[in-house]
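Take a look at the structure below.
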Amino acid sequence: MSNQPFSFYNPFLREIMQPLSFLPDRPCSAQARESALLFDVISATPGVTDIQVLSDMDEPVGYIPAETVAQAASRALRECFAFYESVLQTVDDSLTIVNAQGIVVNWNKQAEAMYHIPREDILHHHITRHFKKDAVMLLKSIHDGSSVVRHYNQPRPGTHVLVNTSPVLLDGQIIGGLSAEKDISDVVRLHDRLSSTTAHLHNLENELYNEQQEDPFYKIKGRSAAITQAIQLTRKVARTDATLLITGESGVGKELFAEAVHRASLRADGPFVALNCGAIPAALFESELFGYEKGAFTGAIHEGKKRENRRGRRRNPIP
């Protein structure tokens, strides 16, 4: 029984017992060994008044009168209240304690700050005096004995909390309930702002993407002077029928520029056919461009890439 909530002051019987000469003629209300803890004996034997103390051989060695038991109980109770009040005022969470009828019996300073309700305005009043009944999760705990862990709740407009509730039990009976609430209102407001900003940013990105889609050169991301100059030049060339040769090392974006020129040209409605000449064997180069003998290869394009390109945009034939 050493886990009972009397551990703040819980002496061994041998520490507070009196000599056997004080033992009354009548039987004591309880017997226990001198190595037992006082409140373990009291918890195991409700209604105990005085105690006969026995040795490990079960021989009488002392006596604890009712006055000593009462003094010990009073000291333990005062120590429990001292620790109880210190815990209430030390934790960061808002703590609310109600009795079995829902009357507020304690309200810490964090609760005062969170809800702007002074202790004197809520103590000894029903919890629903300041909160709507369906917003007080503590009432469920004192009604059905259930507990709540880290449950989101909005007890008042503009106040958002994570709440933990538990019933308080004595001898299996619910005598009250305890609620601990962590204020997350700032977090919720920041989340709402973040969600709104993210949605706005997404809309801006879509608008920017649509604008870029209208620009033939949107795939070219460079902003250096050389890239800018090259884009300006190709924009001018793209509107003409001049033959254009783009040179550069592998990977510098020649095909991106070629596609941009096509998209900016009068032939933009036709297909853009990209052909990697470096990947075509020399023996097949001519056939790839100008066509194969029919049936020479499975899946062969009879007319070749040049004729295919022309067929794809008859309205704007390549000269």
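Answer yes or no as to whether Lys133 is surrounded by 10 or more Cβ atoms within 10 Å (Cβ to Cβ), at pLDDT below 85 and out of contact with any His (no Cβ under 9 Å at 6 or more places or on another chain). Write out each step before concluding.
Working: surrounded by 10 or more Cβ atoms within 10 Å (Cβ to Cβ): yes; at pLDDT below 85: yes; out of contact with any His (no Cβ under 9 Å at 6 or more places or on another chain): yes.
Taking the combined requirement at face value, the residue satisfies it.
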Any hit, the stretch 192-213, residues being exposed (fewer than 15 other Cβ atoms within 10 Å of the Cβ) and closer than 23 Å to Glu85 by Cα: no
Long-range neighbours under 9 Å by Cβ, at least six apart or interchain, first residue farther than 13 Å from Gln101 by Cα within the stretch 135-149, second assigned to a helix (DSSP H, G or I) and open to solvent by less than 20 Å² (accessible area, probe 1.4 Å): Val136/Ile127; Ser147/Ser141; Val148/Leu138; Val148/Ser141
Among the candidates Glu112, Glu181, Glu79, residue that is in contact (Cβ under 8 Å) with a residue 12 or more places away in the chain, in a helix (DSSP H, G or I) and open to solvent by less than 70 Å² (accessible area, probe 1.4 Å): Glu79
Some residue of the stretch 235-245 being in contact with a strand residue (DSSP E or B) (Cβ under 9 Å, 6 or more places away or on another chain), assigned to a helix (DSSP H, G or I) and either open to solvent by 70 Å² or more (accessible area, probe 1.4 Å) or not basic (Lys, Arg) (or both): no
The listed residue being under 40 Å from the mean Cα position of the chain (by Cα) and either in a helix (DSSP H, G or I) or surrounded by 14 or more Cβ atoms within 10 Å (Cβ to Cβ) (or both), out of Tyr84, Tyr63: Tyr84
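Among the candidates Val69, Val91, Val53, single out the residue that is under 21 Å from Val104 (Cβ atoms), surrounded by 11 or more Cβ atoms within 10 Å (Cβ to Cβ) and at pLDDT 85 or above. Outline the logic, then answer.
Details: Val69 fails: under 21 Å from Val104 (Cβ atoms); Val53 fails: under 21 Å from Val104 (Cβ atoms).
The match here is Val91.
Taking the stretch 17-50 as the search range and keeping residues that are among the β-branched types (Val, Ile, Thr) and within 14 Å of Tyr63 (Cβ to Cβ), which one is modelled with the highest pLDDT? Even if it seems obvious, please write down each step before you answer.
Here is the first cut: in the stretch 17-50, the ones among the β-branched types (Val, Ile, Thr) are 41-42, 45, 48-49.
Remaining after also requiring within 14 Å of Tyr63 (Cβ to Cβ): 41, 48-49.
Numbers: Val41: 87, Val48: 82, Thr49: 84.
Within the stretch 17-50, the match that is modelled with the highest pLDDT is Val41.
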Filtered residues of the stretch 26-49 (kept if closer than 18 Å to Arg14 by Cβ, outside any strand (DSSP E or B) and touching an Asp or Glu at 6+ places or on another chain (Cβ under 9 Å)): Cys28, Glu34, Ser35, Leu38
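Might you check whether a residue that is in a loop (DSSP other than H, G, I, E, B), more than 23 Å from the chain's Cα centre (by Cα) and surrounded by 12 or more Cβ atoms within 10 Å (Cβ to Cβ) occurs anywhere in the stretch 147-159?
Applying the first criterion (in a loop (DSSP other than H, G, I, E, B)) to the stretch 147-159 yields 147, 157-158.
Still in the list and also more than 23 Å from the chain's Cα centre (by Cα): none.
No.
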Top-ranked residue in the stretch 94-109 [being in contact (Cβ under 8 Å) with a residue 40 or more places away in the chain and either under 18 Å from Leu162 (Cα atoms) or of a type in the set (A, V, I, L, M) (or both); ranked as surrounded by the most Cβ atoms within 10 Å (Cβ to Cβ)]: Thr96
Tabulated pairs, the stretch 3-24, first in a loop (DSSP other than H, G, I, E, B), second at pLDDT 80 or above and of a type in the set (S, T, N, Q), C-beta under 6 angstrom, 6+ apart or interchain: Gln4/Ser43
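The values are calculated or read from the model by the stated rules, or taken from the named source; none is laboratory data. Model, not experiment: these values are computed from the prediction. Using ideal geometry, Cβ is built from the backbone for each residue, glycine included, and neighbour counts are taken over all protein chains shown. The area values use the complete protein model at the heavy-atom level, side chains included, leaving out ligands, DNA and RNA. Shrake-Rupley method; radii C 1.70, N 1.55, O 1.52, S 1.80 Å.
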